[in-house]
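Encoded as structure tokens, the structure appears first; notes follow it.
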Amino acid sequence: TNEIRTEMEREPDSYARLVRASREFFLRATEAGYVRVLMEEAPIVLGWRRFAELDESYMLGLLIELLQELTDSGEFVAVQIRPLAYLLSGAFIRAAVHISEFDNPEQSRREFSDTFEHLFERFRAHSA
């Protein structure tokens with residue numbers, strides 16, 4: 001998460017940071033062992049409750065923070081931040097698992113990144 005935060009903070013605005021964070025997350029999903037540690041080992045070793053607490057402090061927390069910024073600035077339509085963050089988080093994790101298992105992870109990563117970006121656009125206040 002620190003690497004994702006570092007990369008996203010290079011962007012000039014909240015929306016660009018959200019897009020960059022999602023792309024960086026999917027890039028990590030193509031790294032050997034990342035998904036295995038994130039989705040298989042961490043919940044078992046830490047226990048589900050502790051894993052969820054850490055997720056809230058890191059990845060889910062980052063997503064909540066970005067969505068809150070976008071909503072507060074009026075760039076996103078008014079949404080319930082927590083439910084949207086949980087839905088997106090679940091979709092991110094499922095996509096990461098798929099990317100890590102796909103025969104062509106680079107292609108899969110691009111497809112999911114583009115799809116998420118399209119989804120984010122639908123929440124923008126100026127979206128038609």
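The values are calculated or read from the model by the stated rules, or taken from the named source; none is laboratory data. In this text the structure is predicted, and so the values were computed from the model without any measurement. Cβ coordinates were reconstructed from backbone atoms using ideal geometry, including for glycine residues, and neighbour counts include every protein chain displayed. Heads up: the accessible areas ignore ligands, DNA and RNA and are worked out on the full protein's heavy atoms, side chains in. Shrake-Rupley method; radii C 1.70, N 1.55, O 1.52, S 1.80 Å.
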inquiry  = Please verify whether residue 19 is β-branched (Val, Ile, Thr) and not in a helix (DSSP H, G or I), treating the condition exactly as stated.
reply    = no
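Conditions (1) without any contact (Cβ under 8 Å) to a residue 24 or more places away in the chain; (2) out of contact with any Asp or Glu (no Cβ under 9 Å at 6 or more places or on another chain); (3) not in a helix (DSSP H, G or I), marked per residue:
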{"position": "79", "(1), (2), (3)": "no, yes, yes"}
{"position": "97", "(1), (2), (3)": "no, yes, no"}
{"position": "106", "(1), (2), (3)": "no, yes, no"}
{"position": "118", "(1), (2), (3)": "yes, yes, no"}
remark   = When every residue in the range 48-81 that is over 15 Å from the mean Cα position of the chain (by Cα) and polar (S, T, N, Q) is compared, the one most open to solvent (accessible area, probe 1.4 Å) is 80
task = Inspect all residues belonging to the range 26-42 and state whether any of them is assigned to a helix (DSSP H, G or I), over 17 Å from residue 122 (Cα atoms) and β-branched (Val, Ile, Thr).
result = yes
remark   = The lone condition residue 65 fails out of (1) free of Cβ contacts under 8 Å to residues at least 40 places away in the same chain; (2) closer than 17 Å to residue 93 by Cβ is (2)
inquiry  = Among the listed residues 28, 110, identify the single one that is modelled with pLDDT under 90, under 22 Å from residue 3 (Cβ atoms) and among the basic types (Lys, Arg).
reply    = 28
key: Top-ranked residue in the range 26-35 [being in contact (Cβ under 8 Å) with a residue 12 or more places away in the chain and open to solvent by 50 Å² or more (accessible area, probe 1.4 Å); ranked as farthest from the chain's Cα centre (by Cα)]   = 34
key: Pairs, first at pLDDT 90 or above in the range 1-25, second open to solvent by 20 Å² or more (accessible area, probe 1.4 Å) and in a loop (DSSP other than H, G, I, E, B), C-beta under 6 Å, six or more apart   = 15/75; 17/11; 20/11
